[in-house]
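Enquirer: Quick one: structure below, then a few questions.
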Amino acid sequence: MRLQKALADRGVASRRAAEALIAGGRVRVDGRLVTELGTKVGPGARISVDERPVAAAPRRRYIVVNKPRGVVSTARDERGRRTVVELLGARERLYPVGRLDADSEGLLLLTNDGDWADRVLHPRYGHEREYEVQLAGEAPASALAALRRGVRLDEGVARAAEIRVVGRSRLRLVLRTGWKRQVRRMCTAVGLRVLRLRRVRMGPLLLGRLREGAWRELSPREVRALGGG
């Protein structure tokens, strides 16, 4: 098995993030520093990251959480803010699939299966992300038209796959990309100020009635629908 896959299977990080750990000289196998991607390791290999031993592969977990506002979407935070992993009270390594800003809320996936996380985020699956957006005032038709046409961000042209007006100052907005703070930057680009942002859907998975701060395990069917396997 390749080292980056072993790290992903053991819940350290996604495979791509594991590659960065290896290339950065942070991984040892049986006491030996390994920096070459693709290095093969056996199931009983003693692996450490930053001189800390990595336990054998745990039971794979797939979780959806309704992240509250103010909670950061990371496993740990250097500024001491509450993390989404702390909501679960889990002792094993779990990490978010994708991102959701600290000042945003709603549906967020967590797992210790790095391969599955990579598949969920891969463009091949084309998972839409749906958001409920509360604005500071009514959105003019010109701003909505601009969001549909697309606005230029640093990563490229970002456009809404679908926009629905569901209240005087409330929208439902669907994206097919997951760039950093994308909804907020798109709205700012067309003169809209976001007061509240909540993700309510990821691909086929709906947030539904999951209360704020609560979480649940995904069913096997949901796991397959999102990332195969």
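The values are calculated or read from the model by the stated rules, or taken from the named source; none is laboratory data. It should be emphasised that the depicted structure is a prediction, and the values quoted were computed from it without experimental measurement. Methodologically, a virtual Cβ is constructed for each residue, glycine included, from the backbone with ideal geometry; neighbour enumeration extends over all protein chains shown.
Enquirer: Kindly indicate the residue of region 111-142 that is buried (at least 17 other Cβ atoms within 10 Å of the Cβ) and at pLDDT 95 or above and also nearest to R176 (Cα to Cα) among those meeting that condition.
Expert: Per the stated criteria, the residue is R129.
Enquirer: Continuing with the same structure: I'm trying to understand the selection: among the residues of region 43-69, which are closer than 30 Å to L195 by Cα and either at pLDDT below 95 or among the aliphatic types (A, V, I, L, M) (or both)?
Expert: Selection gives I63, V64, V65.
Enquirer: Could you tell me which of the residues G178, G213, G203 is closer than 21 Å to E155 by Cα and either touching a residue at least 60 places away in the same chain (Cβ under 8 Å) or over 19 Å from the mean Cα position of the chain (by Cα) (or both)? Outline the logic, then answer.
Expert: Details: G213 fails: closer than 21 Å to E155 by Cα; G203 fails: closer than 21 Å to E155 by Cα.
Being closer than 21 Å to E155 by Cα and either touching a residue at least 60 places away in the same chain (Cβ under 8 Å) or over 19 Å from the mean Cα position of the chain (by Cα) (or both) holds for just one of G178, G213, G203, which is G178.
Enquirer: Looking at region 158-167, can you tell me whether even one residue there is farther than 19 Å from R99 by Cα and in contact with a helix residue (DSSP H, G or I) (Cβ under 8 Å, 6 or more places away or on another chain)? Spell out the reasoning first.
Expert: Let us first name the residues in region 158-167 that are farther than 19 Å from R99 by Cα, namely 161-167.
Subset that is in contact with a helix residue (DSSP H, G or I) (Cβ under 8 Å, 6 or more places away or on another chain): 163, 165.
Yes, there is a match, as at least one residue in region 158-167 is farther than 19 Å from R99 by Cα and in contact with a helix residue (DSSP H, G or I) (Cβ under 8 Å, 6 or more places away or on another chain).
For (1) closer than 17 Å to L100 by Cα; (2) surrounded by 13 or more Cβ atoms within 10 Å (Cβ to Cβ); (3) in contact with a Leu (Cβ under 6 Å, 6 or more places away or on another chain), each residue gets a yes or a no:
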| position | (1), (2), (3) |
| --- | --- |
| R176 | yes, yes, no |
| Q182 | yes, yes, no |
| T188 | no, yes, no |
| R193 | no, no, no |
| L206 | yes, yes, no |
| V223 | no, yes, no |
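Enquirer: Checking R164 against (1) touching a residue at least 60 places away in the same chain (Cβ under 8 Å); (2) outside any loop (DSSP other than H, G, I, E, B): exactly one of these is not met. Which one?
Expert: (1)
Enquirer: Looking at region 180-192, which of its residues are within 14 Å of S104 (Cα to Cα) and assigned to a loop (DSSP other than H, G, I, E, B)?
Expert: The answer is K180, R181.
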